[in-house]
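*Asks:* The structure that follows is given in the form of structure tokens.
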Amino acid sequence: MSRPAPALETEFDSDVVIIGGGMVGAALALALAPLARSGLKVTVIEPKPLKLDEADKTLQPSYQPSYDARASALSYGARLIFEQLGVWDDLSSVVTPIRHVHVSEKGQFGITRLNHKESNVPALGYVVENRLLGQCLLGQLEQHKEIRFRCPAEVQAMQAVEGGMSLTLNENGEVSTLRARLAVLADGGRSALGESLGIETDVHEYGDTAIITNVTPGKHHDYVAWERFTDQGAMALLPLSEGRCALVWTMSHELAAERMALDDNTFLDTLQKRFGFRMGRFTRVGERHCYPLSLKQAREQVRPGLVVLGNAAHSMHPVAGQGFNLSLRDAVALADVIKDNVMARKSPGALKPLLGYVDDQQRDQLLTMRFCDLLVKGFGEPGMIPAFGRNLGLAAMEAVPPLRRLFAREAMGVGSIKTPRTEL
Ligand SMILES: Cc1cc2nc3c(=O)[nH]c(=O)nc-3n(C[C@H](O)[C@H](O)[C@H](O)COP(=O)(O)OP(=O)(O)OC[C@H]3O[C@@H](n4cnc5c(N)ncnc54)[C@H](O)[C@@H]3O)c2cc1C
């Protein structure tokens, strides 16, 4: 039974405003739903319109950055979080489980195989099309009428004021001001608002582009996720519904431009040459999209009345499928800090607890970013770790179960998992 949160004074329009209703902003809103039910004013602002699905009368995302053609690998830890957020029931019908992971380097001896049974979990992770994940998150948010959704609306500017932040909103050409005790900046990797606030970011450009698409292999994927490192870049093939696989294929910008221009059959032939025939012959390919890759981290993630979250705070190489999973862990940790603040009758934007949040999360962020970076550089950049050493590492992992389980825990996102506390 939840106790009502103590009321806060009311000179602000909102207690918490989330700027960006993408995957991360929407997940944070869900984590704050119990507090919103008890009176905390939570507002989500999103510029890309949601459209009403005439068939089932639910709101669906129109094309927008978070809910695009990509598929995401959700860690087992993400499943535990989604269970707590009440999304897993819907999500479980549209995800494909990853039961095995196979990591190898083209033409080398070392391989590592991870198995869900060894880790004692029903699946090591799950793959979901972002569009469907968006439907589940927004569908669940729709049930929480106490959370205000201002959409389509864009935050054009923001500035610090005594006790919080003041936002300039543009809603269909109408400009207004919204004052919030805490503004959470979840406006994505090209956070123009973060820049306007002078938040600097450390950026390492990989000089690579990821081509993403769906392919149909000749053999059923059998719920195996393949991570393959080649001399031209990393490649992940993740199991999807209807026997399809989601492909994330990274390579130099030049090579990506060439491969994006190929017709479907030539593209499939090229993929086949690089991946081999372990999954039979690739027969179909979907629409191709490409994303330039970098490792990015904001130098400041909190200020009084402000938190930077999701891609606006950090983004990394997608080969290990960790970016959203990490942001989800940040989001629930932040929701817990906000709950503690409210229960202690402090403003949700009070700086000291927010600094504690960053302190805690930065360990997870650094570990996860290093894990991805090491995978990419260790295998991708010639000379970084000699081929023999890399393959010895893979072979050692294959031979030493505790080492393999450690690797699996990191990949499953349960190394440093916290699930949201639902009670007040
Ligand atoms: C190729 C690729 C594959 C990936 N695969 C995986 C994977 O398998 N697993 C995984 O965990 N992660 C993966 N990721 C990472 C994951 O996609 C990101 O972590 C995630 O999309 C970040 O979501 P976000 O909500 O922070 O940002 P975004 O998705 O960019 O959303 C930002 C939102 O803010 C809104 N917005 C922008 N400006 C404003 C404004 N001024 N006012 C209000 N709203 C605004 C936008 O409309 C948008 O809805 C992958 C990334 C890439 C590039």
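A short reminder: the numbers here are calculations on the coordinates, not readings from a lab. This is a predicted model, so every value here is computed, not measured. Cβ coordinates were reconstructed from backbone atoms using ideal geometry, including for glycine residues, and neighbour counts include every protein chain displayed.
*Asks:* With charges set only on the Cβ (+1 for Lys and Arg, -1 for Asp and Glu), what does the dipole of the range 113-228 come to about its Cα centre, in debye to the nearest 20?
*Replies:* 480
*Asks:* Can you give me the long-range amide H partners of residue 71? Hydrogens built in the peptide plane at 1.01 Å from N, cutoff under 5 Å, separation of 5 or more residues or another chain.
*Replies:* The list, which skips near neighbours in sequence, is 130.
*Asks:* Lys and Arg at +1, Asp and Glu at -1: add these up for the other residues within a Cβ distance under 14 Å of residue 23 and post the number.
*Replies:* That sum, taken over residues with Cβ under 14 Å, equals -1.
*Asks:* In addition: What are the residues whose amide H is under 5 Å from the amide H of residue 206, where those residues sit 5 or more places off or on another chain and H is modelled from the backbone?
*Replies:* 293, 294, 295
*Asks:* For a Förster distance of 35 Å, can you work out the FRET efficiency between the beta-carbons of residue 270 and residue 222, rounded to the nearest 0.05?
*Replies:* Efficiency at R0 = 35 Å is approximately 0.90.
*Asks:* Would you mind computing, in nm to one decimal, how far apart the modelled labels at residue 118 and residue 258 are, each placed 7 Å from Cα along Cα→Cβ?
*Replies:* 3.7
*Asks:* Would you give the gap between the C-alpha center of the range 243-295 and the C-alpha center of the range 80-157, rounded to a whole Å?
*Replies:* 23
*Asks:* Which ³J(HN,Hα) values, rounded to whole Hz and listed in residue order, are derived for the range 212-217 from phi using the Karplus coefficients 6.51, -1.76 and 1.60 in 6.51 cos²θ - 1.76 cosθ + 1.60 with θ = phi - 60°, glycine and proline given as x?
*Replies:* Those phi angles translate into 10, 6, 10, 10, 10, x Hz.
*Asks:* What is the sum of charges around residue 40, taking Lys and Arg as +1, Asp and Glu as -1, for the other residues whose C-beta is under 12 Å from the C-beta of residue 40?
*Replies:* +3
*Asks:* In what order do 324, 267 fall by count of nearby beta-carbon atoms within 10 Å, going from fewest to most?
*Replies:* 267, 324
*Asks:* State the answer as a single residue: which of 163, 100, 126 lies farthest towards the positive end of the charge dipole of the range 92-192, with beta carbon charges of +1 for Lys and Arg and -1 for Asp and Glu, about the Cα centre.
*Replies:* Farthest towards the positive end: 100.
*Asks:* Starting from the Cα of residue 117, draw a straight line to each of the aspartates and glutamates and keep only those under 17 Å, dropping any in the same chain fewer than 8 residues away.
*Replies:* List returned: 222, 398, 410.
*Asks:* Treating only the Cβ of Lys, Arg, Asp and Glu as charged (+1, +1, -1, -1), what charge dipole size does the range 276-359 show about its Cα centre? Round to the nearest 20 debye.
*Replies:* Dipole of the range 276-359, to the nearest 20 debye: 240 debye.
*Asks:* So for 357, 76, fewest C-beta neighbours within 10 Å to most, what's the order?
*Replies:* 357, 76
*Asks:* Residue 90 versus residue 156, label points 7 Å from Cα toward the beta carbon: distance in nm?
*Replies:* Result: 3.2 nm between the two label points.
*Asks:* Can you work out ³J(HN,Hα) from phi for every residue in the range 328-344, in order, using Karplus 6.51 cos²θ - 1.76 cosθ + 1.60 and θ = phi - 60°, giving whole Hz and x for Gly and Pro?
*Replies:* Result, rounded to whole Hz: 5, 5, 4, 4, 6, 5, 5, 4, 5, 5, 4, 4, 4, 4, 5, 5, 8.
*Asks:* Around residue 249, what is the net charge, scoring Lys/Arg as +1 and Asp/Glu as -1 over all other residues with Cβ under 11 Å from its Cβ?
*Replies:* +3
*Asks:* Apply the Karplus curve 6.51 cos²θ - 1.76 cosθ + 1.60, θ = phi - 60°, to the phi angles in the range 295-304 and return the couplings in whole Hz, x for Gly and Pro.
*Replies:* 10, 9, 9, 5, 6, 10, 10, 9, 9, x
*Asks:* How do 226, 249 line up, fewest other C-beta atoms within 10 Å first?
*Replies:* 226, 249
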